[in-house]
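Working notes, structure below.
We did not get these values from a lab; they are worked out from the coordinates using the rules stated. Note that this is a predicted model, so its numbers are computed, not measured. Cβ coordinates were reconstructed from backbone atoms using ideal geometry, including for glycine residues, and neighbour counts include every protein chain displayed.
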Amino acid sequence: MRKIDVKLISGRSIEQGIQIENKMSSEYCDVAAVCELNEKDISKLGIKDQANVTIKSKFGDVVVRARTDNRNPPGIAFIPIGPWANAVIGPVTGGCGTPQFKGVDVEVMLTFDSVLSIKELLGVI
């Protein structure tokens, strides 16, 4: 199975902000459980837009949907800050209380696993 190595960055997205008061909803999952990749990286993976992918780092792994976004240069993946991004970032905060959400080395690969809902991801059901 094809995989690519990229740098993960995270931040807030407008779509996520619209759903922020609705975090337990499927709508929030739809906008936060995504990995935006440049079309060149999507092509390297041999996948289509909206395919499920596993994001794996030395800290953990998570399944999200791939979304083409050419605002990212090749080699950069973006996942909105939240439970799905938290699954693959490290716990070190450097004393500021916020984990390192930028520059995390990750592998991206196609998967046939499902994207977990926020409740499933957090283990509350």
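Of the labelled options (i) 15.3; (ii) 17.3; (iii) 14.5, which one gives Kirkwood radius over Cα pairs in Å as computed for this structure?
Read-out taken from this structure: (iii).
Straight-line reach from Lys40: which lysines have a Cα under 30 Å away, not including same-chain ones fewer than 8 places off?
Lys3, Lys7, Lys48, Lys56, Lys58, Lys102
List the pair-distance distribution P(r) of the stretch 45-90, using every Cα-Cα distance, as the percent of pairs falling in each 5 Å bin from 0 up to the bin containing the longest distance, rounded to whole percents.
5, 19, 29, 28, 16, 3
If you filter the stretch 1-65 for trypsin sites (Lys or Arg not before Pro), then keep DSSP loop positions with at most 13 other Cβ within 10 Å, what is left?
Working: sites: Arg2, Lys3, Lys7, Arg12, Lys23, Lys40, Lys44, Lys48, Lys56, Lys58, Arg65; in loops: Arg2, Arg12, Lys23, Lys48, Lys58.
Sparse-neighbourhood loop trypsin sites (Lys or Arg not before Pro): Arg2, Arg12, Lys48, Lys58.
With a sphere of radius 11 Å drawn around the Cβ of Thr54, what net charge do the other residues whose Cβ falls strictly inside it have (Lys, Arg +1; Asp, Glu -1)?
On the way: positive: Lys3, Lys56; negative: Asp61, Glu107, Asp113.
Here the charged neighbours net out to -1.
Quick one: compute the contact order of the stretch 3-122, relative version, from alpha carbon pairs under 8 angstrom and 6+ residues apart, as a percent. List each step's numbers first, then the result.
On the way: 248 pairs, mean separation 46.8, N = 120.
Once normalised by length, the contact order is 39 percent.
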